[in-house]
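Structure first, commentary second.
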Amino acid sequence: MRKRWLLLALLTAGAHGAPSLDHQVFNAQNQVISLSEFKGKVVYVDFWASWCGPCRKSFPWMNAMQQKYRDQGLAVVAINLDTDQALADEFLKQVPAQFTVRFNPEGDVARSFDLLGMPSSFMFNRQGQLVQSHVGFYQDNAAEYEQELISLLKE
Amino acid sequence: MRKPLFVVVALIVGLSGCSSLGVEPWEKGQLARSDMALDSEKLDLALDDHIYFSKEGSSGGRAFAGGGCGCN
């Protein structure tokens, strides 16, 4: 009896994961795939949704970053959090993405990363450790984000 | 035996009952719809404003003109 209450307490406390690359997401073909496929690269994980204005602004920048630093080992991974994938597809038609797009309609990965706002971005180094995170996307800070990526790529 | 159990349950519910309420940042898709905005209906805003300055006119309202008759 007591054990059961303990279990309940643990459940309600909510066992939160932490931001890491050990999470499962869907790819465009609806196959489950782990974020750890990008291990060994500098990974820029971005959470976005079709209804989020600043996300729209971040896409051209992420395209530019992916193109500029692909050869040095940068992987931009944008995880969509729309519950309806049709909305995401519509968005991608308007704002094409030249980087990896993954889907997490359940939002469980977002919960593990404990997002405080949309969009949110997380930078992982080549060892797969979380180094930096940002809430929101501000064009004024884009140079700063890029500098952080460059320093990670040089490591 | 009864009482401690009750206290424990009350504590668990009290401490964690509200921990999973509310909308998470990634769940705000419906709230982001333009028709969910407070100012999505311009006519509604105009009517609200007319009612406001008619009722509050006697105490100044938005300015000092008007006397609360709703006729200006």
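The values are calculated or read from the model by the stated rules, or taken from the named source; none is laboratory data. Please read these numbers as outputs of a predicted model, since none were measured by experiment. Every residue, glycine as well, gets a Cβ built from its backbone with ideal geometry; the counts of neighbours run over all protein chains shown.
Step by step: first the residues of the range A:15-64, then only those that are surrounded by 22 or more Cβ atoms within 10 Å (Cβ to Cβ) and among the small types (Gly, Ala, Ser), then the one that is farthest from the other protein chains (Cβ to nearest Cβ). Which residue is that?
The residue in question is A:Ser58.
Can you tell me which residue within the range B:27-46, out of those that are within 14 Å of another protein chain (Cβ to nearest Cβ) and acidic (Asp, Glu), is surrounded by the fewest Cβ atoms within 10 Å (Cβ to Cβ)?
Residue satisfying both the conditions and the ranking: B:Asp35.
Which residues, counting only those in the range A:109-131, are free of Cβ contacts under 8 Å to residues at least 12 places away in the same chain and either under 16 Å from A:Asp82 (Cβ atoms) or surrounded by 14 or more Cβ atoms within 10 Å (Cβ to Cβ) (or both)?
none
Filter the range A:132-145 down to the residues that are over 20 Å from A:Ser20 (Cβ atoms) and surrounded by 15 or more Cβ atoms within 10 Å (Cβ to Cβ) and list them by number.
Once the filter is applied, which keeps residues that are over 20 Å from A:Ser20 (Cβ atoms) and surrounded by 15 or more Cβ atoms within 10 Å (Cβ to Cβ), the range A:132-145 yields A:Gly136, A:Phe137, A:Ala142, A:Tyr145.
Listed here are the residues, each with its yes/no results for (1) of a type in the set (Gly, Ala, Ser); (2) modelled with pLDDT of 95 or more; (3) in contact with a strand residue (DSSP E or B) (Cβ under 7 Å, 6 or more places away or on another chain).
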site	(1), (2), (3)
A:Leu87	no, no, no
A:Lys93	no, yes, no
A:Arg102	no, yes, yes
A:Asp108	no, no, no
A:Phe113	no, no, yes
A:Gly117	yes, no, yes
A:Met123	no, yes, yes
A:Gln129	no, no, no
A:Val135	no, yes, yes
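Scan the range A:18-40 for residues that are assigned to a loop (DSSP other than H, G, I, E, B) and farther than 22 Å from A:Phe137 by Cα and jot them down.
A:Asp22, A:His23, A:Asn27, A:Ala28, A:Gln29, A:Asn30, A:Gln31, A:Lys39, A:Gly40
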